[in-house]
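Have a look at the structure below before the remarks.
The values are calculated or read from the model by the stated rules, or taken from the named source; none is laboratory data. What you are looking at is a predicted structure, and each value in this text was computed from that prediction instead of being measured. Because the Cβ atoms are built from the backbone with ideal geometry, glycine has one as well, and the counts that use them run over all protein chains shown. Keep in mind that these areas ignore ligands, DNA and RNA; they rest on the heavy atoms of the full protein, side chains included. Shrake-Rupley method; radii C 1.70, N 1.55, O 1.52, S 1.80 Å.
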Amino acid sequence: MTEYREKREAAPEEAAGESRLPSLRLLAGFEAAARMGSFSRAAESLHLSQSAISHQILQLEAFVGQPLFHRVGRGVELTFAGELLRQSVGRALDTLRRGLDRIAAYTDPGLVVLVGPAFLLQGWLQPRLPGLHAAHPDIIPLLSTDEEPGLADEVDLDLLISPRPLATEGWEDARWLRDEWLFVSSPELADRLAALPFERQNEAARLLRLEQAGLPDAVDAEVRRQQRRLGVAAIYDDAQLARDAALRGHGVA
């Protein structure tokens, strides 16, 4: 009980410390006046009256406890304290503007968030994006390769392509594509293999195989048969890497 009362008593002090910042409205008015050297021009840029800007500057000066401007002719100049504050406020407002610019695309009503395997988004979807844009110019696809099922609980997804059902309330699962497993090689290697008798093809190429854990049983049985016939050049845990090695002529994947 004692510990609980001590925390409750400290809370008002912590809250006061956290509130030791002027409002963004005051800082925006100050930054405009400092940048333009004029209360009237700052007021025009912010669509306020000059008296409103003057009042904001007075409030900010009362907050920091010292003057931030002094008048020079028809304009104003920063005091030393004002210049120090201008530098900090300018950096802070620039950071806020950049942050708002970064999230602007994510608030577009045409945004469609699609998550799926990298090989499918690259090899199947990418060539079809021009057609999608032509048919639906208002759609902005956001493509991600992070296909962890739990992502749907953390991000506002629209479509998830995954080898496993999502099994999450509010989502509808539907079977879409069926994998077809093929042995592939570069065109040049394929020509060399075709010119050799079947029993001598191991002289021209070896197998670029995937780890057994990533293969269906029937496919793994055929891979092991080809492994005995050709030998192994390399082992991969990613189909895209094995495919790339095959296209480079390193073997049969």
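Side notes on the structure shown:
- Of the residues making up segment 185-222, those that are part of a helix (DSSP H, G or I), open to solvent by less than 80 Å² (accessible area, probe 1.4 Å) and under 13 Å from Gly251 (Cβ atoms) are Leu189, Ala190, Leu193, Gln201, Asn202.
- Flag if Val72 is modelled with pLDDT under 90, open to solvent by less than 50 Å² (accessible area, probe 1.4 Å), hydrophobic (A, V, I, L, M, F, W, C) and more than 27 Å from Arg20 (Cα to Cα): no
- Segment 153-184, residues that are outside any loop (DSSP other than H, G, I, E, B), in contact with a Leu (Cβ under 8 Å, 6 or more places away or on another chain) and either closer than 26 Å to Ala242 by Cβ or without any contact (Cβ under 8 Å) to a residue 24 or more places away in the chain (or both): Leu160
- So Ala62, is it in a helix (DSSP H, G or I) and surrounded by 10 or more Cβ atoms within 10 Å (Cβ to Cβ): yes
- Residues (outside any loop (DSSP other than H, G, I, E, B) and either at pLDDT 90 or above or farther than 15 Å from Leu182 by Cα (or both)) located in segment 228-240: Arg228, Arg229, Leu230, Val232, Ala233, Ala234, Ile235, Tyr236
- Single residue of segment 105-124 satisfying the filter (open to solvent by 50 Å² or more (accessible area, probe 1.4 Å) and hydrophobic (A, V, I, L, M, F, W, C)) that is farthest from Asp238 (Cα to Cα): Ala105
- Verdict on Glu31 being at pLDDT 90 or above, closer than 20 Å to Arg97 by Cβ, among the charged types (D, E, K, R) and open to solvent by less than 50 Å² (accessible area, probe 1.4 Å): yes
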